[in-house]
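Student: Sharing a structure here in C-alpha cells format.
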Amino acid sequence: MSRLSVFFKRIYFYEYWPFWIFYLPTFFYWPILGFKARSLLYFTSINRCMNFGGTFLSSKYSYLKYLPKQNIPVSCIVNQSMSVNEIKKQLLNHQLDYPIIVKPDIGERGKSVSKIQNNQQLSEYFENPSYQTFILQEYIDYPIELGVLYYRDTNGQGKITSIGLKKFCTVVGNGQDSLKKLISKNPRTFGRKKQLQKRFQNQWNQVLKPNEKVLIEPIGNHNLGTTFLNGNHMFSKEMMHWIDQIASMIPHFDYGRFDLRIKNWESFKKNDGIKILEINGVNSEPIHIYSPKFGLMNAYKEIFKHMHIIHRLSLKQIKKSPPVSIKSFVQAIVDFKNKKEQPNYMIQA
C-alpha cells in the first residue's frame, strides 16, 4: 500500500478520524438533551463515585480499591515530584517486575500509556512528565483483551450494550520490505513513525522474512494502532453475571466500560483468569463501533443510543444529586490545563 493510499484510507474510514470530527454531530444534539434535563452538565449526576461522572479528571486508581485483588493487576501510584529512584523504590515495595505499564492516573484516550521494559526506559519516561500522577501497573499478558460497556437501567437491572475485542497492531513480513517500510505502509502506524523508530531502532532497517510477525503495540488502545472488532456475539450469561457482581462493588456506579484481559472465554464462568485494567465512566465509548466493517451510520446510531441511555439515567439521579455547576466544571478544566493540583470535584453520596 502506497503512502498516498494510506493517506486516503485514513480520510475515508471514520475509525481514523480525529475525535472532534467524528463526534461533531453529538455537539449539536447534546444541548437538546441538556435543555430537556435543564442542565448542560446533566451527565455529572450519575457515577457519583467519579469526578464529573467520569467525564474527565477521574482517578483510575481510586476505584481499584473496591475490586477483588485477584481481579486487578498489582498497581501503585506515583507523582511527578518523585525522583526516578523513589519511583523504583515503589516498584520494589509493591514487588512489581518489568515489564510494567505506566499510564496517567487522570488521562484520556490512551495518551502517555507505555509498556516499560527496564530502568532506562523508566527514567526516559519520567524525564518530562506531562501529567501529575501516574499508575505503575503489572503487565498482564493474557491473550484476549476486550472492553465491555455496562450500565444499570432505571430499574436497577444490569445491561451490557457493547463488547469490543482488541486486535493488537502487528506487521507481517514479505521477504522484501524492511520494518521501516512495512510500518510506513500500514495505516494504523502511519503517524507514529518517529516513536516507533526509537522503539525498534535495532530492527528498523531489517527486512522481515515472509510471514514473520512483529508486534508493534502491546497496548490495546485505538490511538496506538489497535483494531477494535465487534464482539457482541460473545455475550454470555456468565459474562453478564460477572460484570454485574463487579459493578455492584463500586458505590454509586451507574455507567461505564470495563477494560479487561482474560485467559479465555471460560474465564467468566470460572471467575478465574480475569484482570480489570481500568474502568471508565460516562466518557466510555461503545468501542465495537470502530470495527472496520461496522459502517458510519450504524456507528452514529450506537453513539446516539448511548447518549439517550446516559440522559435517561441522569434524569433519575438529578433530584438526588444535582449536576455540578458550569463554573466548577470550567475551573477544573483551567486547573488541569495549568497543571495545578486537582481538588476532588466528585459529587458526594
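Student: Hey, among the residues in segment 100-115 that are of a type in the set (G, A, S) and in a loop (DSSP other than H, G, I, E, B), which one's surrounded by the most Cβ atoms within 10 Å (Cβ to Cβ)? Full working, then the answer.
Tutor: To start, the set of residues in segment 100-115 that are of a type in the set (G, A, S) comprises 107, 110, 112, 114.
Still in the running and in a loop (DSSP other than H, G, I, E, B): 107, 110, 112.
On the way: G107: 19, G110: 17, S112: 13.
Filtering first and then ranking leaves G107.
Student: Pick from segment 236-260 the residues that are in contact with a Cys (Cβ under 7 Å, 6 or more places away or on another chain) and open to solvent by less than 30 Å² (accessible area, probe 1.4 Å): which of them is nearest to I318 (Cα to Cα)?
Tutor: First, the residues of segment 236-260 that are in contact with a Cys (Cβ under 7 Å, 6 or more places away or on another chain): 250-253.
Adding the requirement that they be open to solvent by less than 30 Å² (accessible area, probe 1.4 Å) leaves 250, 253.
Details: I250: 20, F253: 15 Å.
That would be F253.
Student: Within segment 141-184, track down each residue that is in contact with a Phe, Trp or Tyr (Cβ under 8 Å, 6 or more places away or on another chain), more than 26 Å from P99 (Cβ to Cβ) and among the polar types (S, T, N, Q).
Tutor: T161, S184 - these are the residues of segment 141-184 that are in contact with a Phe, Trp or Tyr (Cβ under 8 Å, 6 or more places away or on another chain), more than 26 Å from P99 (Cβ to Cβ) and among the polar types (S, T, N, Q).
Student: Looking at Q195, Q157, Q201, which one is open to solvent by 50 Å² or more (accessible area, probe 1.4 Å), closer than 30 Å to H306 by Cα and free of Cβ contacts under 8 Å to residues at least 24 places away in the same chain?
Tutor: Working: Q195 fails: closer than 30 Å to H306 by Cα; Q201 fails: closer than 30 Å to H306 by Cα.
Only one candidate qualifies: Q157.
Student: If you don't mind, another one. If I ask for residues that are over 20 Å from Q117 (Cα atoms), crowded, with 16+ Cβ neighbours inside 10 Å and more than 22 Å from the chain's Cα centre (by Cα), which ones from segment 208-235 would you list?
Tutor: Result: L208, single match.
Student: Is there a residue being farther than 26 Å from R312 by Cβ, open to solvent by 80 Å² or more (accessible area, probe 1.4 Å) and touching a Ser or Thr at 6+ places or on another chain (Cβ under 9 Å) anywhere in segment 165-183? Full working, then the answer.
Tutor: Applying the first criterion (farther than 26 Å from R312 by Cβ) to segment 165-183 yields 165-183.
Next cut, open to solvent by 80 Å² or more (accessible area, probe 1.4 Å) only: 167, 176, 180-181.
Subset that is touching a Ser or Thr at 6+ places or on another chain (Cβ under 9 Å): 167.
So far as segment 165-183 goes, yes, one or more of its residues are farther than 26 Å from R312 by Cβ, open to solvent by 80 Å² or more (accessible area, probe 1.4 Å) and touching a Ser or Thr at 6+ places or on another chain (Cβ under 9 Å).
Student: Given the conditions (1) within 30 Å of T161 (Cβ to Cβ); (2) open to solvent by 60 Å² or more (accessible area, probe 1.4 Å), and given that Y142 satisfies all but one, which numbered condition is not satisfied?
Tutor: Of everything listed in (1) within 30 Å of T161 (Cβ to Cβ); (2) open to solvent by 60 Å² or more (accessible area, probe 1.4 Å), Y142 misses just condition (2).
Student: Do we have any residue at all in segment 251-266 that's within 30 Å of Y42 (Cβ to Cβ) and of a type in the set (G, A, S)? Talk me through it step by step, then tell me what you get.
Tutor: Filtering segment 251-266 down to residues within 30 Å of Y42 (Cβ to Cβ) leaves 251-260.
Narrowing further to those that are of a type in the set (G, A, S): 256.
Checked segment 251-266: at least one residue is within 30 Å of Y42 (Cβ to Cβ) and of a type in the set (G, A, S).
Student: Just to be sure before I move on: is L40 open to solvent by less than 50 Å² (accessible area, probe 1.4 Å), touching a residue at least 40 places away in the same chain (Cβ under 8 Å) and more than 16 Å from T133 (Cβ to Cβ) in the structure I sent? Steps first, answer last, please.
Tutor: On the way: open to solvent by less than 50 Å² (accessible area, probe 1.4 Å): no; touching a residue at least 40 places away in the same chain (Cβ under 8 Å): yes; more than 16 Å from T133 (Cβ to Cβ): yes.
No, not satisfied.
Student: Looking at the structure I just gave you, is L91 surrounded by 13 or more Cβ atoms within 10 Å (Cβ to Cβ) and either within 22 Å of M50 (Cβ to Cβ) or touching a residue at least 40 places away in the same chain (Cβ under 8 Å) (or both)? Talk me through it step by step, then tell me what you get.
Tutor: Values: surrounded by 13 or more Cβ atoms within 10 Å (Cβ to Cβ): yes; either within 22 Å of M50 (Cβ to Cβ) or touching a residue at least 40 places away in the same chain (Cβ under 8 Å) (or both): yes.
Judged against the criteria, L91 is a match.
Student: Any chance you could count how many residues in segment 290-319 are surrounded by 15 or more Cβ atoms within 10 Å (Cβ to Cβ) and in contact with a strand residue (DSSP E or B) (Cβ under 8 Å, 6 or more places away or on another chain)?
Tutor: Total meeting the criteria: 8.
The values are calculated or read from the model by the stated rules, or taken from the named source; none is laboratory data. Remember, it's a predicted structure, so these values are computed and weren't measured experimentally. Please note: Cβ atoms are built from the backbone with ideal geometry, for glycine as well, and neighbour counts cover all protein chains shown. SASA here: full protein model, heavy atoms, side chains in, ligands and nucleic acids out. Shrake-Rupley method; radii C 1.70, N 1.55, O 1.52, S 1.80 Å.
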